[in-house]
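Everything below concerns the one structure shown next.
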Amino acid sequence: MKLIKAKVCLINQSGSYYSVILLLLLVFGVLTAQNSFAATEEAEAPKACKQCGMDRTVFAQSRMLITYSDGSEVGVCSIHCAAVELKQNSGKQVRSVMVADYASKRLIEAKTATWVLGGKRDGVMSPVAKWAFAKEKDAQAFIGENGGRLATYDDAMKAATGELAGDGKTGATGHQHTGHKNTGHGHSGHDMGPGSQMLYNPGFGEDIYHTHPAGMWMFNYKFMHMGMDGLRAGTSDIDAGSVGFKRGKPYNYMMIPTDMRMEMHMLMVMYGITDRLTMMVMANYLDNKMNMLMDMGPGKMITTEPPMSTSGWGDTELRGIYKISKTLTGSLGISLPTGAIDKTVVMMKKQWRAPYDMQLGSGTYDLKPSLTYTALSDDSKWNWGAQATYVYHIGENDNDYSLGNSIKMTGWLQRAFGPATSWVRLSFNDTGRIKGQDAEIEKLIHPTTGMGAPTPDADPRNYGGQRLDGLIGVSYTRGAWSIGVEAGVPLYQYLNGLQMKTKWLINAGVQVML
């Protein structure tokens, strides 16, 4: 018996995959609950930073509280946002400025604190870290482990104000920035300032892998629609008249696909375990519908009713994401076979197992390593990057086949306009043919008794190929919320065998970070 079929009895039970996932999430929640609860107790009101809208509980180690002489209080997440607040209200008299002690997260007087500037631990919304300590010995211990130098509150505020001015100076060491300002889908620097809306863009069709600060959650919903129309083999369009049943035509199929709609609703949750490590879980719901012609003989092409359709939950992905450097992020995902591979359809008034492209999952455990590069310009108005992902299907599924392995690559260029962002993107996908064959799907082409319903997508040779898409998009961020949409068309597509060709695609998403 094949190794892939040697499964624990528990996961052979109906719905057991989701039970395993729920159990993992429950254990994960228990492990992180204590840390999250402790952080919640540390942060006082207001909960959200006045300047960037982020949760001050998440940034408990860098948060600040400004009190004006009229008694009003303003809470911010960092000295960066404090500098913005004080600049906007330069005419108001300040009574006190409090900052969190890095070691205990308790509020202390910012002017009497011992500050550490720089070091290998990235700062909050800042290219140069700025941390406050109630005790100088704690600051010295931090420097011994992370580097940096001792400074005063005036030094730290001067550095933050200099960064706001956009003069390229750090204000702490006098060095020029060299392209590392707010960079990295690693986000261990908590870079939620200018340009951050580009790093966590919900409008991208691909998931651009990035990390979040320890204790931060991100919830994301995406809707993806792909429209397919007409047939193609290789790079040549194929007219439906060239496809027929037992009439000496180039392609001998009775059922002739004409157009297809593929939609996916994706739900994703991410959580920062540490500033460098983030965990992700993703589930999706698919809805497929295909219209077809039936060849009933010479001059008798009829439209089938109803269209072929399948829907339901697809495979579930678990992924670990690790920040390698300011510009590089590596990740490894495993896809669990929770999507059905035995969906059925009705053709010629008979029930058949649906062809391969109408099934909802791979039926195998799939490994998905990925490497992401991203960077921001010094003024945080431009973002560019690229990502490569490989999808490896382990063994064969229970129906004796394996989907073709694939490599996906994408590159993008974005421009920020305040809270709005626009971008252009190229996406390339190279997928191999199906290995093996589902005996039930094969009956569509070679029935054991009676007449089948031959269709191109029931043939495993008609699967995979290469496609290059060009896309444009726009997104908008307000506080913790972001929305985005992108649309594109294929610039090139080479299809293995006879397949439906892609005409256009659209992706839309909304996300919130807490």
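Structure notes:
- Ranked by how many other Cβ atoms sit within 10 Å of their own Cβ, fewest first, the residues His210, His225 fall in the order His225, His210.
- Sites Ser104 and Ile407, calculated FRET efficiency, Cβ-Cβ separation with R0 45 Å, nearest 0.05: 0.40
- Size descriptor for the range 43-165, Kirkwood hydrodynamic radius: 14.2 Å (Cα pairs only, one decimal).
- With a Förster radius of 56 Å applied to the C-beta separation of Val94 and Asp229, the computed FRET efficiency comes to 0.30.
- Ranking of Asp239, Asp295, Asp400 by count of other Cβ atoms within 10 Å, fewest first: Asp239, Asp400, Asp295
- In this Cβ point-charge picture (+1 for Lys and Arg, -1 for Asp and Glu), the range 43-165 has a dipole of about 40 debye about its Cα centre.
- Integer Hz, Karplus 6.51/-1.76/1.60 couplings in order for the range 90-104, x for Gly and Pro: 5, x, 8, 7, 9, 7, 7, 10, 10, 9, 6, 5, 4, 6, 10
- Other-chain or far-sequence residues with amide H under 5 Å of Trp504's (modelled H): Gly227
- Label sites at Met296 and Asp430, each approximated as a point 7 angstrom past Cα along Cα to Cβ, lie 4.6 nm apart.
- Check: the range 189-513 dipole with +1 on Lys, Arg Cβ and -1 on Asp, Glu Cβ, in debye: 360 debye
- The range 366-514: radius of gyration over Cα atoms, expressed as a fraction of 2.2 N^0.38 Å: 1.37
- Electrostatic dipole magnitude of the range 210-259 [Cβ: Lys, Arg +1; Asp, Glu -1; Cα centre; debye, to 20]: 220 debye
- Converting phi to 3J(HN,Hα) with the Karplus coefficients 6.51, -1.76 and 1.60 and the offset θ = phi - 60°, the range 60-75 yields 4, 6, 10, 5, 9, 10, 9, 10, 8, 5, 7, x, 6, 10, 10, x Hz in sequence order, with x at every glycine or proline.
- All other residues whose Cβ lies under 9 angstrom from that of Phe428 are scored, Lys and Arg at +1 and Asp and Glu at -1, for a net of 0.
- Where a label projected 7 Å from the Cα of Asp379 along Cα→Cβ would reach, residues of the range 413-442 with amide N under 20 Å: 413-424
- Residues Tyr153, Tyr209, arranged from fewest to most other Cβ atoms within 10 angstrom of their Cβ, appear as Tyr153, Tyr209.
- The range 189-513: projected area of the alpha-carbon convex hull, averaged over directions, in nm²: 16.2 nm²
- Residues of the range 419-441 falling in the label zone of Tyr494, defined by backbone nitrogen less than 19 Å from a point 7 Å along Cα to beta-carbon, are 427-434.
- J(HN,Hα) series, the range 401-416, from Karplus relation 6.51 cos²θ - 1.76 cosθ + 1.60, nearest Hz, glycine and proline x: 8, 9, 5, x, 5, 9, 10, 10, 9, 9, x, 8, 9, 10, 10, 8
- Here the relative contact order of the range 189-513, from alpha carbon pairs under 8 Å that lie six or more residues apart, stands at 21 percent.
Readers should treat all values here as calculations from the given coordinates under stated rules, not as data from a laboratory. Keep in mind that this is a model prediction, so the values were computed, not measured. No Cβ is skipped: glycine too gets one built from the backbone with ideal geometry, and neighbour counts run over all protein chains shown.
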